[in-house]
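The values are calculated or read from the model by the stated rules, or taken from the named source; none is laboratory data. Since this is a predicted model, take the numbers as computed values, not measurements. For neighbour counting, all protein chains shown are included, and Cβ atoms are generated from backbone atoms with ideal geometry for every residue, glycine included. Note: accessible area is taken over every heavy atom of the protein model, side chains too, but ligands, DNA and RNA are not part of it. Shrake-Rupley method; radii C 1.70, N 1.55, O 1.52, S 1.80 Å.
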Amino acid sequence: MLWSGDRRAAVLVASGQLVVVAVLLVLRQAVSGAGRVGDVVLVMTRAIQVNQQIGAALQLLQQLQRMARSLTRLRWMRALIRSQQPTGADLTVPDLLRHGIELRGLEFTYPGTEKPVMTDVGLLLLAGATVAVVGENGAGKTTLVKLLCRFYEATAGEIMVDSIDIRRFPLDGWRRRIAAGFQDVVRFELRARETVGIDELTSELDAEADHALFERYAANARRVGRRTGAIIILVLRRFSTVRMADLIVVMDGGRLVEAGNHAQLIAPNGVYAELYSLQAAA
Ligand SMILES: Nc1ncnc2c1ncn2[C@@H]1O[C@H](COP(=O)(O)OP(=O)(O)OP(=O)(O)O)[C@@H](O)[C@H]1O
Ligand SMILES: [Mg+2]
């Protein structure tokens, strides 16, 4: 598709040059007295029209090329997802989460690297809970979320969903139960309402609006959580929002170093208390 697009564009550019040659020929005839002024005007008008059409066709071809590139990437991604389907997934994902999700001795090393970025993470995420994951850059927050979304398989340890190993659920069924909002600001070529659904939610808001939005979001999420057992995981930088979570998980260097609610974690003067006071001071 890309090849044929390039070929057609070359043909169009060449035909544009032929038009220029035709104009020059008619001009030469007119100057030497063999042609009339009317011929020159007619050829010039036609040449302008042809040029405009070639311009429009070239634009269309460029658009088609962009679409073809996106389609190639989409096909690659679909093939990757198909190839990732784990074997032995013999259960359907339950409608309701009753007990929760338990991480046991979770370890992870990114493919192509040697150093584990997550070591021995054990954690119980109770059904219906709002969980905030905090920690410095590179602590492993996003990696933890990626493992829960099953973008990667843990190198060791297990994730149990209501006491069932997560690997027994098919990947697509599991992902259908997950909704995610990311922090990266990406401008998608979609309609505004679709973009709002997949873009970062609050990166452009000030602290007050961010806090108000998340309070409403967390209240709604709690209501849904009570009904379905859904767990809300927030990876946030603003601690005014973090303190509302039922469970705060503090990560450091790929390890889980503290877990509890705000009152429990602020008292012992640990990593959370330090991060919290740093942000409060700022
Ligand atoms: N695709 C990857 N390949 C190799 N290493 C990675 C990859 N993604 C992240 N890492 C490494 O894994 C570690 C944890 O990264 P992660 O993105 O989970 O941290 P984070 O807590 O989300 O950080 P941040 O606050 O910057 O978002 C870091 O050392 C990072 O360099
Ligand atoms: Mg991150």
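What is the packing order of peptides 245-253, 163-171, taking the mean over residues of other C-beta atoms within 10 Å and listing the highest first?
Going by the mean number of other Cβ atoms within 10 Å, highest first, we get 245-253, 163-171.
Under the 0.36 nm per residue contour assumption, what length would be gained going from the current alpha-carbon distance of Ser277 and Arg227 to full extension?
So the extension gain works out to 14.5 nm.
Could you run the Karplus curve 6.51 cos²θ - 1.76 cosθ + 1.60 with θ = phi - 60° over segment 99-105 and give me ³J(HN,Hα) per residue in whole Hz, x for Gly and Pro?
Ordered by residue, 3J(HN,Hα) equals 9, x, 10, 10, 9, 10, x Hz.
Restricting to DSSP loop positions (anything but H, G, I, E, B) with no more than 15 other Cβ atoms inside 10 Å of their own Cβ, which trypsin sites (Lys or Arg not before Pro) remain in segment 210-261?
Arg237, Arg238
May I ask you to give the solvent-accessible area per residue for the chain, in square angstrom, as obtained with a 1.4 angstrom probe?
Accessible surface, normalised per residue, equals 66 Å².
Give the Debye-formula value of log10 I(q)/I(0) at each listed q (0.09, 0.14 Å⁻¹), with one equal scatterer per alpha carbon of the chain, two decimals each.
Normalising to I(0) and taking log10 leaves -0.61, -1.11.
³J(HN,Hα) across segment 231-240 via Karplus (A = 6.51, B = -1.76, C = 1.60, θ = phi - 60°), whole Hz, x for Gly/Pro?
Couplings: 9, 9, 10, 10, 10, 10, 9, 8, 6, 4 Hz.
With Rg and the Kirkwood Rh both taken from Cα atoms, where does Rg over Rh land for segment 201-262?
The Rg/Rh ratio comes out at 0.99.
I need the peptides 40-50, 262-272, 142-152 ranked by packing, meaning the mean over residues of other C-beta atoms within 10 angstrom, with the highest value on top.
142-152, 262-272, 40-50
Kirkwood hydrodynamic radius, segment 44-193, all distinct C-alpha pairs: what's the number in Å?
When all Cα pairs of segment 44-193 are included, the Kirkwood radius is 19.3 Å.
List the residues, sorted by chain then number, that are 5 or more residues from Ala129 or on another chain and whose placed amide H is less than 5 Å from its amide H.
Ile232
Tell me, what % of the accessible area of segment 100-281 is carbon and sulfur with a 1.4 angstrom probe?
Percent of accessible area from carbon and sulfur atoms in segment 100-281: 52.
Going by amide H atoms built from the backbone, whose H comes under 5 Å of the H on Val117, apart from near neighbours?
Amide H neighbours of Val117: Phe108, Thr109, Tyr110.
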